[in-house]
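Here the structure is laid out as C-alpha cells; the discussion comes afterwards.
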Amino acid sequence: MQEKIRLIFQQQFGAEPIIIRSPGRVNLIGEHTDYNMGFVLPAAVQQAAYLALAAREDDEIHLLAADFNASFHTSLPALERSPDHWPDYILGVVAMLRNRGLSLRGFNAALCSDIPIGAGMSSSAAVECATVFGLNELFGLGLERIEMVKIAQQAENDFVGVQCGIMDQFASMMGKEQAVIKLDCRSLAYEYIPFAHKDTSLVLFDTGVKHSLEASAYNERRRECEAGVQIIRQQYPGVKSLRDASVEMVKECLHAAPGNIYQRCLYVSEEIERLQQACTDLQRNDLAAFGQKMYATHEGLSRLYEVSCAELDFLTDCAREEPGILGARLMGGGFGGCTINLVKADQVAGVIKRIGEKYRARFHVAMQAYVSELSAGTSRLA
C-alpha cells in the first residue's frame, strides 16, 4: 500500500510525498460507555488508511481518493463541507488547525485504504488522524499526539457533524503492537495491556447490514442515559455521569423510571464493571473468562440496550456453538456492522467457512470475514 500510494501521488502531482499510515480499530469490550464517561478497550489493527502529502506554494488544496478515482479541489480561504462527503474528513482537520491559529499552506494529498468501509473499524477516524499527523509533519506544527487526537475528534464533531466520542481517534493515533488500550474516557488517562496471544486471532464477521435508524437510536440512547443520571443525582448528588453510578445505585433509583431508562442505564453500569473485570482477565492471561464477558456484553447490548439486530444475534449465536470461538459480540453502535470474535488461531479458516455457510443459508447473502492483528498507531512511513 505504501508503494501504491507513492506511485499514484507521483503520477497525479509529479512530486515526492511524505507518506502517513493510520490504522483502523477494533474495540474488544466497553460499548456505549464512552459518552457515559466510562472505560473502553480498543486496539489499532493492521488494516489502515495511507495518505501521501506534499506542500504547495499557494493556498489551494488538491485531493485524490485513489480507491474510487475521485478528486476534489478547494482552497484554504474557501473551506466548507463537500457534497462528495469523503473530502470532509481531511478538510475538517484543516479547518480545526486553522481555528487554532496554526499556519498552513496549500497541499496535495492522495488517499487509499484497506479498511473495510461500513464494517465499524473507524475508517473515518483513520483518515482524520492521518491528516492531522501528516500536516503536523509537513508544516512543523509541533503538536503532541494527544492534541492531534483531540483535533481529529473535533473535526468529526464540528465539521463532519458526527457527535462521536474520542475512542476511535485515540485508538488510531495511540495504538501499540500486541496491546490493547484501557482508556478512561473522562480523564483520557490510559494504559496498555499486553495482548500477545499467537494462538488466538481476532476475527470480524460482517453482516453487510447498515440500518438507517442507527443515528436516531444512538441519540435516543444518549438521552435515556442522561435522564437516568438526573434521577440518580436526586439521591446521589455526586453522580455526574453513569461512570459514577454503581449497578446498585441504578437498581435502587431507576427501577420505577419511565420508559426504558432503567434497562439502558443498567447495561451501561454493568458494562463499566465488566470491562474492569475483563482487564483483570487479560492480565491473568485468562482468555476463556474474557470471552465469556464478551458474550455477556452482547446479551446486554441486545436485550437491555436494544441496539442489536437479527443478523448480529444470529452470528453471535453461531459463535456460541463453535468450540474454537472463546467469545463474540456485536462491535460498534449496533443495528448492523460486525461481530468481533476471539478465535483459536488454528481454527480460523474452519470457523469462517462454517459460519459463513450458515449465514448464507439464513439470510441469502455472503458474509465477509476480516482477520485482524493488533498494530502500532499513526506513523510516518516515508
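The values are calculated or read from the model by the stated rules, or taken from the named source; none is laboratory data. Since the structure is predicted, the reported quantities are computational estimates derived from the model, not experimental observations. As a convention, Cβ positions derive from the backbone with ideal geometry for all residues, glycine included, and neighbour counts pool all protein chains shown. Just the protein is used for accessible areas: all its heavy atoms, side chains included, with ligands, DNA and RNA removed. Shrake-Rupley method; radii C 1.70, N 1.55, O 1.52, S 1.80 Å.
Assorted remarks:
- The stretch 43-61: number of residues that are farther than 30 Å from VAL203 by Cα and open to solvent by 30 Å² or more (accessible area, probe 1.4 Å): 6
- So ILE90, is it within 17 Å of the chain's Cα centre (by Cα), open to solvent by less than 30 Å² (accessible area, probe 1.4 Å) and closer than 19 Å to ARG380 by Cβ: no
- Condition check for ALA361: modelled with pLDDT under 95, open to solvent by 40 Å² or more (accessible area, probe 1.4 Å) and not charged (D, E, K, R): no
- Check on GLY38, open to solvent by 40 Å² or more (accessible area, probe 1.4 Å), closer than 30 Å to ASP184 by Cβ and of a type outside the set (A, V, I, L, M): no
- VAL149 being aliphatic (A, V, I, L, M) and in contact with an Asp or Glu (Cβ under 7 Å, 6 or more places away or on another chain): no
- Any hit, the stretch 304-319, residues being touching a residue at least 12 places away in the same chain (Cβ under 8 Å), among the polar types (S, T, N, Q) and outside any helix (DSSP H, G or I): yes
- Where a residue in the stretch 56-75 is assigned to a helix (DSSP H, G or I) and its partner, wherever it lies, is open to solvent by 70 Å² or more (accessible area, probe 1.4 Å) and of a type outside the set (A, V, I, L, M), with Cβ under 9 Å and at least six apart: ALA66/LYS4; ALA66/GLN12
- Residue identified as farther than 27 Å from ALA369 by Cβ and among the small types (Gly, Ala, Ser) among ALA130, ALA78, ALA125, ALA119: ALA78
- Residue in the stretch 237-251 that is in contact (Cβ under 8 Å) with a residue 60 or more places away in the chain, open to solvent by 60 Å² or more (accessible area, probe 1.4 Å) and among the acidic types (Asp, Glu) present: no
- Filtered residues of the stretch 165-202 (kept if within 15 Å of MET37 (Cα to Cα), under 18 Å from the mean Cα position of the chain (by Cα) and open to solvent by 70 Å² or more (accessible area, probe 1.4 Å)): ARG186, TYR190
- Check on TYR370, out of contact with any strand residue (DSSP E or B) (no Cβ under 7 Å at 6 or more places or on another chain), crowded, with 16+ Cβ neighbours inside 10 Å and touching a residue at least 12 places away in the same chain (Cβ under 8 Å): no
- When residues of the stretch 93-132 are limited to those that are more than 17 Å from the chain's Cα centre (by Cα) and without any contact (Cβ under 8 Å) to a residue 12 or more places away in the chain, the one surrounded by the most Cβ atoms within 10 Å (Cβ to Cβ): ASN99
- Flag if VAL268 is farther than 24 Å from ILE193 by Cβ, in contact with a helix residue (DSSP H, G or I) (Cβ under 8 Å, 6 or more places away or on another chain), β-branched (Val, Ile, Thr) and crowded, with 19+ Cβ neighbours inside 10 Å: no
- Of the set (1) open to solvent by less than 20 Å² (accessible area, probe 1.4 Å); (2) hydrophobic (A, V, I, L, M, F, W, C); (3) free of Cβ contacts under 8 Å to residues at least 24 places away in the same chain, all apply to ALA256 but (1).
- Residue check for HIS32: assigned to a loop (DSSP other than H, G, I, E, B), farther than 20 Å from ALA179 by Cα and open to solvent by less than 20 Å² (accessible area, probe 1.4 Å): yes
- Residue in the stretch 326-336 that is assigned to a helix (DSSP H, G or I) and at negative phi present: no
- Any hit, the stretch 239-248, residues being under 21 Å from the mean Cα position of the chain (by Cα), part of a helix (DSSP H, G or I) and of a type outside the set (A, V, I, L, M): yes
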